[in-house]
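Data block below; observations after.
The values are calculated or read from the model by the stated rules, or taken from the named source; none is laboratory data. All of these numbers come straight from a predicted model, not from anything done at the bench. Cβ atoms come from the backbone with ideal geometry, glycine included; neighbour counts cover every protein chain shown. Note: areas computed on protein heavy atoms with side chains; ligands, DNA, RNA excluded. Shrake-Rupley method; radii C 1.70, N 1.55, O 1.52, S 1.80 Å.
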Amino acid sequence: FRTALLAVPPSDRDVWCDRVLGLDGIPDDGPELPRGGVPYLPCPVDALLRVVEHAGVAAPDVFVDVGAGIGRATALVHLLTGARAIGLEIQPGLVTAAHELFERMELTTTCTMVEGDAPELGDAIVAGTVFFLYCPFGGARLGRMLDALEAVARRRTIRVACVDLPLPACPWLTPTSRADDLTVYRSNATR
């Protein structure tokens, strides 16, 4: 998959990926999108390639996509790296679309979608090693998500990759890489 993707000119990669994944357009957000939540917009493929490179996502990792929408980034990162992938999404219609994508691509044993408010899904994130945030939300909800991630980081080192999302200062996170719209952090809170 990676070889085929990289053979596609960068300007055509999003369309190519959507064709390969059988995705047709961006679905409408439902009434479940909470106030302060960001409407679904897929992350560009080239940004995901930078995430994989700069965060060092590899097969032994568990990649957690916070605000996963229809599971596009979740599936792509798994296909690029072999890492197990978990998507977190609050909108039931988008969760259903993600389940359909994973079934269609025969990824149900390696890609999982969990429905709910990401900061409240502690059980779903406890296995994560790399957490991906592409502008899923801000404000108090982002603060609660960072608190949940800090709890995971106290158990083991994690990486947090943010595209188009500046994080507030967190003493337990250290920026390790910056590239265009991407910042990757490594936790330093383990006991």
Of a type in the set (D, E, K, R), modelled with pLDDT of 95 or more and either in contact with a strand residue (DSSP E or B) (Cβ under 8 Å, 6 or more places away or on another chain) or over 21 Å from Asp181 (Cα atoms) (or both), is that true of Asp61?
yes
Out of the residues in region 1-29 that are open to solvent by less than 60 Å² (accessible area, probe 1.4 Å) and among the charged types (D, E, K, R), state the one that is nearest to Glu106 (Cα to Cα).
Asp18
Failed condition for Gly93, given (1) assigned to a helix (DSSP H, G or I); (2) modelled with pLDDT of 95 or more; (3) not β-branched (Val, Ile, Thr), with all others met?
(2)
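Those residues that are open to solvent by 60 Å² or more (accessible area, probe 1.4 Å) and farther than 29 Å from Gly139 by Cβ, I need them from region 30-58; list them, please.
First, the residues of region 30-58 that are open to solvent by 60 Å² or more (accessible area, probe 1.4 Å): 31-32, 35, 38-39, 41, 53-54.
Within region 30-58, just Glu53 meets the criteria.
Looking at region 116-134 only, could you name the residues that are surrounded by fewer than 15 Cβ atoms within 10 Å (Cβ to Cβ) and either in contact (Cβ under 8 Å) with a residue 60 or more places away in the chain or part of a helix (DSSP H, G or I) (or both)? Steps first, answer last, please.
Looking only at region 116-134, we keep the residues that are surrounded by fewer than 15 Cβ atoms within 10 Å (Cβ to Cβ), and these are 116, 120, 122-123, 126-127.
Glu120, Gly122, Asp123, Ala127, listed by residue number.
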What's the total number of residues in region 47-64 that are in a helix (DSSP H, G or I) and of a type in the set (A, V, I, L, M)?
6
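Let's see how each residue does on (1) of a type in the set (S, T, N, Q); (2) assigned to a helix (DSSP H, G or I); (3) surrounded by fewer than 20 Cβ atoms within 10 Å (Cβ to Cβ):
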{"site": "Ala140", "(1), (2), (3)": "no, yes, yes"}
{"site": "Asp147", "(1), (2), (3)": "no, yes, yes"}
{"site": "Glu150", "(1), (2), (3)": "no, yes, yes"}
{"site": "Arg156", "(1), (2), (3)": "no, no, yes"}
{"site": "Ala161", "(1), (2), (3)": "no, no, no"}
{"site": "Cys170", "(1), (2), (3)": "no, no, yes"}
{"site": "Thr176", "(1), (2), (3)": "yes, no, yes"}
{"site": "Val184", "(1), (2), (3)": "no, no, no"}
Kindly list, by first and then second residue, each pair from a residue in region 96-115 that is under 16 Å from Val20 (Cα atoms) to a residue that is open to solvent by 60 Å² or more (accessible area, probe 1.4 Å) and not hydrophobic (A, V, I, L, M, F, W, C), limited to pairs with Cβ atoms under 6 Å and residues at least 6 apart or on different chains.
Phe102/Thr108
Among the residues of region 152-166, how many are closer than 26 Å to Arg35 by Cβ, touching a residue at least 24 places away in the same chain (Cβ under 8 Å) and out of contact with any helix residue (DSSP H, G or I) (no Cβ under 7 Å at 6 or more places or on another chain)?
3
